[in-house]
1. Can you give the convex hull volume per residue for the Cα atoms of the range 206-333, as a whole number of Å³?
2. If packing is taken as the mean number of other Cβ atoms within 10 Å per residue, what is the order of 255-268, 487-500, 113-126, 216-229, highest first?
3. Calculate the FRET efficiency for Asp337 and Gln531 from the Cβ-Cβ distance with a Förster distance of 60 Å, rounded to the nearest 0.05.
4. I need the peptides 412-423, 297-308, 180-191 ranked by packing, meaning the mean over residues of other C-beta atoms within 10 angstrom, with the highest value on top.
5. Using label points projected 7 Å from each Cα along Cα→Cβ, tell me how many nm separate Ser508 and Asp172, to one decimal.
6. Give the residue from Tyr318, Pro460, Thr340 lying farthest towards the positive end of the charge dipole for the chain; charges sit on Cβ (+1 for Lys and Arg, -1 for Asp and Glu) and the dipole is referred to the Cα centre.
7. What Kirkwood hydrodynamic radius, in Å, does the range 286-438 give when the mean of 1/r is taken over all pairs of distinct Cα atoms and then inverted?
8. Roll a 1.4 Å probe over the protein chains and send me the accessible area per residue for the range 301-354 in Å².
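The values are calculated or read from the model by the stated rules, or taken from the named source; none is laboratory data. None of these values were measured; they are calculated from a predicted model. Positions of Cβ are backbone-derived with ideal geometry, glycine not excepted, and every protein chain shown enters the neighbour counts. Only protein heavy atoms, including side chains, enter the accessible area calculation; ligands, DNA and RNA are left aside. Shrake-Rupley method; radii C 1.70, N 1.55, O 1.52, S 1.80 Å.
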Amino acid sequence: MTQTLIMALIASVIATLLIVPVTKKVQKGEITNKQLLNSVISVLIAGFIIGFMIIYITKIDLHWTIFAYALPVIALLGTLLSKGLEQTFKGFIFLASLILLAFMLCAPFFNADEKYNSAKMEEKVEIEPFDETQTPASVPPRFAQNKMKKAFGQVPNTSYYELGNLQIQSVDGEYVYIAPVEFSGLFKWFNGKTTPGYFTMSATDSTDNPKFVKSEMTYVPSAFFNKNLERHIRLENPTLIFYGDPQLEIDDEGKPFYIRSYGEFISARNGFDVKGIVMVDAATGESEVLTLDEVPAFIDGAVSPESVSLQNSYFGKYVHGFWNSLFGKKDVRLPSDEGTEANVSPIFNENGEMYYFTDFTSPKEGVDSMLGYSLTDARTGESTYYTGNLEESYMDSRGALDIIEKKFIEKEWQGEMPILYNFYGEASWLAPVLDSNGFLQNYFIVSAANPEISAYGTTPNGALKQYKTALNRGGGTVDGTSNAEEATISGDVVRVYKERIGDYTVVSFLLNTGQNFVVSSQNAPLAIYLQEGDRVAITYYATEELFLPIKEMRIEGIVAP
């Protein structure tokens, strides 16, 4: 608050010097020293009050560039009220301020290269294969939000509050959704003073029930006056540039903190490049400014999803400058808008590190071909762009959602939160399927390169098993499955189960070693002859799954053609 008052006072002093004539000669005669003093005091007080109220109400930053918008008006007024040499001097300031304002307004036309360079990404071909023994964080936020609303009776004085925005976070190695309890209006805030806590729910287990955690919070986005979180952050840090909404993060002890990303303009007052966060204790309001390399370990989303979305647009649009993004559009790639948070989707890697996922598509209308996809580290802001297998054409996220919609057109179910994974060496879209009421029905997986290969199940891992079978029978392969190494084994068949699916037979069997295997007759045509008691030699992938995928199989006594 003190820094804001000082900044407002400095701004009012500058405005006073420009507006009030410092010489006694004015257009209508002379003014006395007393009149001059009264004018200075009046303008100074009025300027201070107006300036502070603008800052307080709008929560705008006091970066020096903001004055470029007010300076021409103030300088013009001072020029009109002055005379002689003073009028000439203030007129010069007015012209200079107009040039500065024009420069700032024209910044988007000439800083496209700087924006692109600030967002430039390391390029790779394909993401690492997914470990099928793990469960992806695939519970859709809309479903989690619905369940939390139904559990809202756990909140004391329920009528005072409403559910806030969801964030995903890793807490003690578990992926959970977090949603604060917010005030539902001014009078509710006046009566309640503090919010009672927040909800948590598993982001991997759709059967999990939301849990309400009691932890009183005073500084929240829905509070008013000085307790309003954004205003509190602004008054404490008047010159910082913020981009994106505040997000709730909890430490491993369950203590809530709000964070907000700050950064720098690319040039003039245009563009944004994230540099750090402001972290606020939601209970006490104590705040701390931290650079990205100083962010505590419990914070997953230090870089706001809004700033990541902005960087993605810079990287995709400005590869050859501003004008190319409007007309020629050579090599332009547009980030999709299918993400769950500001057009990006948070996901976690095998180490529990959070990334923002975005796929890029062609600017040409009616084309659902994916040009690539990016992963941005949510703590550091470093991004990697994956081109995918250049010999294949990948379907974008919108195309995957269209397939799901057509698959369940009679039930009017729709997909949500599509994420691209490397399943069994195949670039594949995984998306939860929700009904019209927002309830989770199943999980759908479809190949990005071969849309005719798809599967669904009631759980992500269940869908994955069905997808493996679909790959075996539908022309795909599991040659690049996971991080698993190839292994060989020989043994006697104890049990056999055969299932006709489409044009092929899927054979599952148990060896006397106690291991289970699965193979499609498309990859091993002679597998249809397999029976109990046969001795087989197998090359398989050691994925640690219950049914291990086979690469090659030889049945003793049966000669391959």
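1. Details: hull volume 21.4 nm³, N = 128.
It comes to 167 Å³ per residue, whole-number rounded.
2. Working: 255-268: 21.1, 487-500: 13.2, 113-126: 16.1, 216-229: 18.6.
Averaged packing, sorted descending, gives the order 255-268, 216-229, 113-126, 487-500.
3. Given R0 = 60 Å and the Cβ-Cβ separation, E is 0.65.
4. Top to bottom by mean Cβ count within 10 Å: 297-308, 412-423, 180-191.
5. The modelled label-to-label distance comes out at 3.5 nm.
6. The listed residue farthest towards the positive side: Tyr318.
7. Details: mean 1/r = 0.0592 Å⁻¹.
Answer for the range 286-438: a Kirkwood hydrodynamic radius of 16.9 Å.
8. Value for the range 301-354: 41 Å² per residue.
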